Amino acid sequence: MYALELKNIAQRLMADDKGLLAMDESLGTCNNRFKALGIPQTEEFRRKYRELIVTTPCLEESISGAILFDETIYQKTESGISFLEILERKGIIAGIKVDQGTVNLPAFPGEKITEGLDGMGERLAGYYKLGLRFAKFRAVITIDKGNPTKTCIKANAFTLARYAALCQEAGIVPVVEPEVLMDGDHTLQQCAAVTQDVLHAVFNELYEQRVSLEGMILKPNMILPGLNCPDQSDTEEISSETVSAFLKLIPAAVGGIAFLSGGQAYQLASERLNMMQLRFGTLMPWSLTFSFSRAIQQPALEIWKGEDKNKEAAQKMLQHRAACNSAARRAEYTPEMEALLI
Ligand code: 13P
């Protein structure tokens, strides 16, 4: 019923060298990041922080869509304007995280499955009425001795496709996020093999469950060595492994690809996206952009530290990181750009 609308929204999200801003940290994740910086973990401080983000000047020049957490969609600025209205005025499409986090996969030690499918149709209908037009659901896959198992990959792929089908039925573009985690000492090649298995399973399930590929966005990890792997690989290897896996496994019909950052250093995330565009931009049948949380927000959060006097400087940093990633999408990012921030 919504096929054309879904395709148009996916196209708008991927348009004009922009990317997505993930600002959908759950209460637990947001509070942990606040705690690490000594920021009070209260609803009011989360509201202040999200106000800082949505009111950042010129954010809309680099950001096409913002993924929000449920609490945030009902919040307002100090002066009483709803965050959803602020985003609308800026032409930034509002999206929503709809997964409810991960739990242990029974009988599969060390593996996780994502929850949130129960009652999702109803929740999505409510979000559509509020004007939200895309949603995100994240599954996590861990590389460790013997893991991931085929069962874990299959269960998560099935869940992601169920979520995607429910979204499309509700007129909401699904952002399908199967994240192979960077934690561990695995090599680049191990990550490549696992990511390929995961993408294969996910697209198989999306096809089985009749999800329209034009009306969805894939949010994958880059193919990277584990954080504790002695060989950290260079940007060229990372970009070729990632793009060649994607060319093999991601159908050309997909509405777009927007990377998660997954805990990479923020300059590296920009540098790697840039390298993929520079070397393979003309070969890729889909648009490739970013949907970062930490790689856009973290430096700004570290400047803000919960204090009003730091708000402007934090917003400058946020705008800068968003602009660096938009430049990376155009293959125009250089490390020298980092020095341009005053
Ligand atoms: P990171 O960019 O910090 O990985 O977050 C992206 C995201 O949406 C995680 O679900």
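Rundown of residues vs (1) more than 21 Å from the chain's Cα centre (by Cα); (2) among the basic types (Lys, Arg), yes/no style:
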position: 299; (1), (2): no, no
position: 306; (1), (2): yes, no
position: 319; (1), (2): no, no
position: 325; (1), (2): no, no
position: 329; (1), (2): no, yes
position: 335; (1), (2): yes, no
Go through the stretch 261-286 and count every residue that is among the small types (Gly, Ala, Ser), within 13 Å of the ligand (Cβ to nearest atom) and more than 30 Å from residue 40 (Cβ to Cβ). 1
So residue 142 passes all but one of these: (1) closer than 18 Å to residue 67 by Cα; (2) within 18 Å of the chain's Cα centre (by Cα). Which condition number does it fail? (1)
Return only the number of the condition from (1) within 27 Å of residue 215 (Cα to Cα); (2) in contact (Cβ under 8 Å) with a residue 12 or more places away in the chain; (3) away from the ligand (no atom under 16 Å from the Cβ) that residue 244 does not satisfy. (2)
Residues of the stretch 287-313 being out of contact with any Asp or Glu (no Cβ under 7 Å at 6 or more places or on another chain), among the polar types (S, T, N, Q) and within 13 Å of the ligand (Cβ to nearest atom), in sequence order, are 289, 291, 297, 298
Residue within the stretch 100-113 that is surrounded by fewer than 14 Cβ atoms within 10 Å (Cβ to Cβ) and charged (D, E, K, R) present: no
Kindly evaluate residue 121 against the criterion of being surrounded by fewer than 16 Cβ atoms within 10 Å (Cβ to Cβ) and small (Gly, Ala, Ser). yes
Just one of 214, 179 is touching a residue at least 60 places away in the same chain (Cβ under 8 Å), more than 16 Å from the ligand (Cβ to nearest atom) and touching a Leu at 6+ places or on another chain (Cβ under 8 Å); which is it? 214
Wholly enclosed strands (runs of 3 or more DSSP E) of the stretch 57-129 bearing at least 3 residues within 20 Å of the chain's Cα centre (by Cα): 63-68, 93-97, 112-114
What's the total number of residues in the stretch 6-27 that are surrounded by fewer than 22 Cβ atoms within 10 Å (Cβ to Cβ), more than 12 Å from the ligand (Cβ to nearest atom) and touching a residue at least 24 places away in the same chain (Cβ under 8 Å)? 7
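The numbers here are math on the coordinates, done by the rules we state, and not lab data. The model shown is predicted, which means the values in this text are computed figures rather than measured ones. FYI the Cβ positions are ideal-geometry reconstructions off the backbone, even for glycines, and counts take in every protein chain you see.
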